[in-house]
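What follows draws every value from the coordinates through simple rules; no lab data is involved. The structure displayed is predicted, hence computed values, not measured ones. Every residue, glycine among them, receives a Cβ derived from its backbone with ideal geometry; neighbour counts consider all protein chains shown.
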Amino acid sequence: MHNTTGQRLGCALLAAGLAALAACEQPGNASVMAVEGNVVPQALKVNGGLVCNYSAAQAFYGTAVVDLAQTTSLWYHAQIKNNLISTNAISGSNEQLLRNDHNTITLKQVKVTMLRNGTTNKVISPLDGGTKFGATFKVPAVSSWTVPIAGLITPGQKLNAGFWLIPHQDIPGAPVGADFQARFNAPGFAAERYAYLETVQLQFTIEGETAARKTVVAGEVLYPVTFCWGCLLLPMSMDSTNLTPPEEVWKTCPTSALSADFLPPCQQGNYEYTPCAHYCATCKINEFKKIGAKCDKKFCPDVQ
């Protein structure tokens, strides 16, 4: 009788979002595990080297920009909270020192779906299929994928954990981000790519498992991501408050040396502007190593 009463009490607390005992089925929503924001890394110079620092004190980013001229991926660094309470504390004994808490969550995977509303101008999206883009891209771009995530969150605590929201390549045969970038070179679109802008919604859920072997799912997150080609490339001579449209940037892109005080973005091609000179230096090295796409000649012209 006593055990039955205890189980009912535990399930009632769980339904209210306050507790989850191992005997109860846990709901797959944010009452158990919640994503509270996306922390973007800040570049710092430490002992002459570059350090990318993730700090919960930084402002969270509610949206992202991915410049496919520079990158094929997007890293999302989430602050995730385990809203369950400690089952060890409920026991009231010293055994909690000898075993893992039943409500500790191990992060497992992230499921992502791309929702699209179309471009903001008359340019046909390279994420569409169709004959305009030649034989290679007759079908639309991949619209859903799953990526791994790792981390351990104890009850009542928060964890900063990162994952590839847009991976370079998810699984063999499904190159998500690389496929997005390749479409910009498709016949019929390459000349239009500098004027292209499209905002999509990346809908994702983070899944985990408690130490009691219960699957938990954080509430769905809708994250707006704008795709472009060259819109985050900033000529050194320009004021960041007076930006040139992406299709015009190449006209003023210099290849001069960077200032000694320049700190490159931790995620080149994501979120923040990159000087053309830094882009050119990076892509030339990658070209030599035969990594990724070749430099765009408009942003990185050959030396005369």
Requested in this report: Rounded to whole Hz and in sequence order, give me ³J(HN,Hα) for the range 208-223 from the Karplus expression 6.51 cos²θ - 1.76 cosθ + 1.60, θ = phi - 60°, writing x for Gly and Pro.
Outcome: x, 9, 7, 5, 8, 6, 9, 6, 10, 10, 5, x, 4, 10, 9, 10
Query raised in the report: Quick one: if the Förster radius is 30 Å, what FRET efficiency do Asn286 and Gln157 give, using the C-beta to C-beta distance and rounding to 0.05?
Result: 0.15
Report summary line: Subtracting the Cα-Cα distance of Tyr54 and Asp302 from 0.36 nm times their residue separation yields 85.6 nm
Report task. Take the Cα of Asn185, step 7 Å along the line toward its Cβ, and report every residue of the range 64-89 whose backbone nitrogen sits under 18 Å from that point. Result -> 67-73
Query raised in the report: Structure shown: which of Lys108/Lys158; Lys132/Lys298; Lys81/Lys214; Lys45/Lys158 lie over 19 Å apart, alpha-carbon to alpha-carbon?
Result: Lys132/Lys298; Lys45/Lys158
Query raised in the report: Gain in length, Thr226 to Lys132, computed as 0.36 nm per residue apart minus the alpha-carbon separation, to one decimal in nm?
Result: 31.6 nm
Report summary line: The simple spin-label model distance between Tyr61 and Ala43, using points 7 Å out along Cα→Cβ, in nm, is 1.3 nm
